[in-house]
1. For region 129-142, enumerate the residues that are touching a Leu at 6+ places or on another chain (Cβ under 8 Å) and crowded, with 24+ Cβ neighbours inside 10 Å.
2. Has region 342-356 got at least one residue that is under 21 Å from residue 412 (Cα atoms) and in contact (Cβ under 8 Å) with a residue 60 or more places away in the chain?
3. Condition first: open to solvent by less than 10 Å² (accessible area, probe 1.4 Å) and more than 15 Å from residue 30 (Cβ to Cβ). Now tell me which residues in region 156-173 satisfy that.
4. Would you mind listing the helices (runs of 4 or more DSSP H) fully within region 136-236 where at least 1 residues are β-branched (Val, Ile, Thr)?
5. Please tell me if residue 219 is within 30 Å of residue 156 (Cα to Cα), of a type outside the set (D, E, K, R) and either at pLDDT 90 or above or open to solvent by less than 40 Å² (accessible area, probe 1.4 Å) (or both).
6. Given 27, 31, 69, which one is assigned to a helix (DSSP H, G or I), over 30 Å from residue 286 (Cα atoms) and of a type outside the set (D, E, K, R)?
7. Return the residues of region 397-415 that are open to solvent by 10 Å² or more (accessible area, probe 1.4 Å) and among the aliphatic types (A, V, I, L, M); say none if nothing qualifies.
8. Taking region 150-170 on its own, how many of its residues are at pLDDT 85 or above and within 17 Å of residue 39 (Cα to Cα)?
Amino acid sequence: MSETKPLVGGDEADNLRKLRAYQPWAFFITFGGYMMAHFSRKSYSTIKGELERSAGYSPLLLSAMDTVFMATYAVGNVVNGKLGDTFNPTTILALGLFGSGICLFAINALVWFDTENYSAQLGNVLILIFYFVFGFAQATGGPVGTAVMGNWFCDAKSEKNRGIIFGLWTCHQYVGDVAAQLASAAIFAVGWPYWWCLTIPALANVLWAFVTMQLVADPVDKDIITPEVRIRQQKNAEKAERGEEQDDGPKPIGFVEAFQIPMVAQYAIAFGFFKLCNYAFFFWLPYFLENTFTSSQANLIASAYSFGMMPGGIIVGVVSDAFGGRRAVVIGVFMVILMGFLAIFAVYSEVLSANAFAVMLFCMGTLVGGPNNIITSAVAADLASHPSVRGSAKSLGTVTGLINGTGSIVSSVGLLAIGPLQAAFGWSSVWIFMIGSTFIGTCLMSTKIYAELRGQ
């Protein structure tokens with residue numbers, strides 16, 4: 001449908017009715033897609049100990065896998081965000097899910113054929129290649145899914161409640177994380193081979209890709225005139241009066257233009273330091289807990305962190321909505337409290353009981369999850385709605401991809417230090433390292449926090 005045409009298919013109330021009728025389906029499909037991505041991504045971290053003991057993977061190789069994944073995931077976020085703004089988002093989302101499933105099957109094949117023990121060099125090269133591709137495939141859900149959500153949740157009521165809507169939506173990743181941990185715990189408990197922890201999410205990703213192919217990514221494709229389209233129509237009317245050429249539709253924003261939107265660069269870099277904290281827990285928590293507990297117990301305890309992350313995004317969303325969208329202040333408060341918890345962890349983490357671990361991890365999950373969730377969803381949507389680009393370009397996928405991608409680059413470099421740090425100086429050094437990362441990220445947001453406190 002051409003967006004230069006006048007209102008088609010009824011009045012504004014009819015458009016709003018059709019828009020809201022499809023919103024639950026768009027929420028469900030994109031939620032499920034990102035949940036599947038985390039289901040597969042987290043499953044790898046639940047078997048790190050088994051990969052070291054049974055498959056012969058060294059701690060350095062495990063760290064290299066994390067870094068390769070995060071590096072290609074970073075590039076993939078930027079590229080996929082742009083692709084989602086340029087081509088059909090549904091196609092990009094489905095390709096990501098198919099790719100994730102295929103990569104997990106390929107990684108399993110390396111385990112089945114014992115390539116690491118047959119030839120360490122060949123095994124290392126192949127696992128890093130598959131993990132490289134896996135990272136790119138995993139990078140579709142964040143920027144492209146957020147863009148689809150932004151397309152459908154664009155009415156005035158949705159924009160007013162953007163924090164709570166995206167706070168609930170970003171629970172997708174933690175539902176996936178918990179599903180992976182509980183599935184892995186069950187697999188270990190019944191005595192199945194550990195590679196089933198990768199096989200099950202591989203099948204789930206492929207199946208959900210077929211479901212995703214039914215998604216309509218943009219209301220315009222269902223002849224619904226959204227506020228964004230109406231703004232574009234008004235601009236085209238003004239151009240027509242001046243005798244200028246009209247736009248046929250929204251053009252995807254460029255990377256340079258996206259970085260020039262106020263606060264995009266600062267949020268992107270700060271997010272990298274926050275994301276490093278999250279992914280240090282994400283990739284290494286079960287491995288760390290296996291120093292004290294069995295594999296099944298470690299995965300059950302680690303799931304408390306993922307459970308804690310679910311309310312984190314909701315709390316930040318609700319509170320920031322209540323304070324007029326002042327998200328940076330809420331994020332700053334969460335990060336300061338997190339540094340206190342990490343300090344306690346640095347001193348006592350190796351002597352805590354299972355119950356104490358669960359409580360601490362739940363709290364830290366809430367503190368980490370809130371800011372991480374809201375920056376890549378509601379904050380990205382806020383930034384992409386800046387007056388300098390609204391109604392002129394497709395920007396949400398690109399902005400989300402840049403924030404997530406830049407953050408992944410920063411965190412991938414930091415993750416390379418986790419394995420060697422814990423091996424050389426113990427786990428306390430890792431928690432201190434994470435305190436420093438959290439502090440730097442908070443400092444990078446200080447100008448925005450100050451502006452919000454002054455009511456700007």
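1. Result: 134, 137, 140, 141.
2. The answer is yes; a qualifying residue exists.
3. Within region 156-173, just 163 meets the criteria.
4. Of the helices (runs of 4 or more DSSP H) lying wholly inside region 136-236, those with at least 1 residues that are β-branched (Val, Ile, Thr) span 141-152, 162-169, 172-190, 196-212.
5. Criteria met by residue 219.
6. Being assigned to a helix (DSSP H, G or I), over 30 Å from residue 286 (Cα atoms) and of a type outside the set (D, E, K, R) holds for just one of 27, 31, 69, which is 27.
7. 409, 410, 413
8. 1
The values are calculated or read from the model by the stated rules, or taken from the named source; none is laboratory data. All values derive from a computational prediction rather than experimental measurement. Positions of Cβ are backbone-derived with ideal geometry, glycine not excepted, and every protein chain shown enters the neighbour counts. Remember, those area values only see protein heavy atoms, side chains included, never the ligands or the DNA or RNA. Shrake-Rupley method; radii C 1.70, N 1.55, O 1.52, S 1.80 Å.
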